[in-house]
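Every read-out reported here was derived from the displayed coordinates using simple, explicitly stated rules and does not represent laboratory data. Bear in mind that the values here come from a model prediction, so they are computed numbers and not experimental data. Please note: Cβ atoms are built from the backbone with ideal geometry, for glycine as well, and neighbour counts cover all protein chains shown.
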């Protein structure tokens, strides 16, 4: 199969669809792999590393899309990329279409087959979403600690506290991969962390992080009380393929202290906090009712080298299956099909 890797064009998105070592594996199996010149630069991989891996270098995105049968990229197609996509393309990337009805309509008009990284399932999990969720959770706590600094509009609080100074209070909604990673980093920094989730095994794992972590069922009153008292609120709720439910209303956020911070990792699926709106790393924050909000929709893009390495390792086995006939019979990949031949396939997108 002919596989194309274009340069990501989403604002300040430095990840690349495949690192050279992963691309080399596909070449070794008899596939042709092409990459847009410079596509790996922001992740620390130059064109010569791809050339040495047997990858063909093409001068621009149009040439990549023209040559390729399958497009492997990271983020959902941006407006300028839509005109390069064809009906016969197999598009393999993060899509998050539940929060992007206009993009879904445009891709349906093109009629291609689109498989979302975030909806590929295996062994009861989401193997292509997990590594980026892990990164997003870690980054959320790191950024949250920074947003509480006074120059960022925060209340001037050191998240972990220190002798003679109080610890910061962090509330995490969801104890999955992203929420668990956020809680782990916040706890390691010394904050008082409260994590909400419905599953007992997840609550147990969070409690075992340390004596400064409390794990609770999300009863409405308890959740709202914890949010109002929080210095940092991190949303990390996921329903695979579907729009995230709002767990925190604007009225509750309005009661948070001035200079508190909100980070919604679920923003690319619509957000689980009502006051969230999408932002970019070029202008990542906004202040609503005195509360600093961070809504960047490609959080792992801040660490493109680490993220590209982790994504390629998870992605390669599925890419190797996609290039072989009959991939539609693979239950993991079949679960990941969002769109095909002008029709919506994934159940979560039909509601």
What's the angle, to the nearest 10 degrees (0 to 90), between helix 177-188's Cα axis and the longest principal axis of the chain? 40 degrees
What does the convex hull of the alpha-carbon atoms of region 135-206 project to on average, in nm²? 4.8 nm²
Nearest 5 is fine: what % of DSSP beta bridges in region 130-301 come out antiparallel, could you say? 20 percent
Just from its helices, what would the mean residue ellipticity at 222 nm be for the chain, if runs of 4 or more DSSP H residues each count -39500 (n - 2.57) and the sum is divided by every residue, rounded to the nearest 500 deg cm²/dmol? -9500 deg cm²/dmol
Show me the ranking of peptides 263-273, 27-37 by mean Cβ neighbours inside 10 Å, starting with the highest. 263-273, 27-37
Taking Rh as the Kirkwood radius, which is the inverse of the mean 1/r over Cα pairs, what is the Rg/Rh value for region 92-174? 1.19
Antiparallel content of DSSP bridges confined to the chain, in %, to 5: 20 percent
Based on the Kirkwood radius over alpha-carbon pairs, what value in µm²/s does the Stokes-Einstein equation return for the translational diffusion coefficient of region 130-301 at 10 °C and 1.306 mPa s? 103 µm²/s
Just to confirm the number: angle between the C-alpha axis of helix 101-110 and the first principal axis of the chain, 0 to 90 degrees, nearest 10? 10 degrees
Which value, in nm² and rounded to one decimal, describes the direction-averaged projected area of the C-alpha convex hull of the chain? 17.6 nm²
Within the set 11, 276, 119, GNM on the chain using Cα springs under 10 Å gives the largest fluctuation to 11
Among DSSP beta bridges lying fully in region 253-351, give the percent that are antiparallel, nearest 5. 65 percent
Gap in Å between the Cα centre of region 1-67 and the Cα centre of region 263-289? 31 Å
Between helix 304-322 and the chain: long-axis angle, C-alpha atoms, 0 to 90°, nearest 10: 50 degrees
Quick one: compute the contact order of region 130-301, relative version, from alpha carbon pairs under 8 angstrom and 6+ residues apart, as a percent. 21 percent
